[in-house]
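**Q** Handing you this structure, nothing more for now.
The values are calculated or read from the model by the stated rules, or taken from the named source; none is laboratory data. Because the structure is a prediction, the values reported are computed rather than measured. All Cβ positions, even for glycine, are placed from backbone atoms using ideal geometry, and neighbour counts span all protein chains on display. The area values use the complete protein model at the heavy-atom level, side chains included, leaving out ligands, DNA and RNA. Shrake-Rupley method; radii C 1.70, N 1.55, O 1.52, S 1.80 Å.
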Amino acid sequence: MDAPDAPPAVDQQPIQEFCERVPVDPGRCTATAVDAGVGAAIGAGIAAGVSAPVAIAAAMAGAAAGFVVGIPFMPTGLVVGPILGAAVGVAVVAGPAAVLGGALGASLGAIVGITTPVPQDGRTDGSGAPTT
């Protein structure tokens, strides 16, 4: 029984249906897919966090450029221009970093999923542990 504040369990039925079409052991396929997805999320978060100092600098440069571009559209341009410039500056740096980190995390997660031992009956709950 789950705790009252615990999130609902993830439905792995779509993953298992996909794995039935792939010529691989379904237990291995499910573990690999789940581990790759978790690795991608963790990798994207880490990469976005690591790129934060550069993203902050890019945001300041974008805000300055937005301020200059917004001068002809006073007074609204002096407020909206720096905000949009900062958002573009952060997106230019943090977006590609998160994509790269997600790809690396998915690769590492897939490696973990492939190398994790799967029980003999092939049933897993995504963590490699047998279901009861």
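**Q** From the set of residues in the range 1-24 that are in a loop (DSSP other than H, G, I, E, B) and among the acidic types (Asp, Glu), which is modelled with the highest pLDDT? Break it down into steps so the answer makes sense when it comes.
**A** Looking only at the range 1-24, we keep the residues that are in a loop (DSSP other than H, G, I, E, B), and these are 1-12, 22-24.
From the residues that got through so far, the ones that are among the acidic types (Asp, Glu) too are 2, 5, 11.
Values: Asp2: 52, Asp5: 57, Asp11: 65.
Among those that are in a loop (DSSP other than H, G, I, E, B) and among the acidic types (Asp, Glu), it is Asp11.
**Q** Regarding Gly66, is this residue in contact with a helix residue (DSSP H, G or I) (Cβ under 6 Å, 6 or more places away or on another chain), open to solvent by less than 90 Å² (accessible area, probe 1.4 Å) and modelled with pLDDT of 90 or more? Outline the logic, then answer.
**A** Details: in contact with a helix residue (DSSP H, G or I) (Cβ under 6 Å, 6 or more places away or on another chain): yes; open to solvent by less than 90 Å² (accessible area, probe 1.4 Å): yes; modelled with pLDDT of 90 or more: yes.
Yes.
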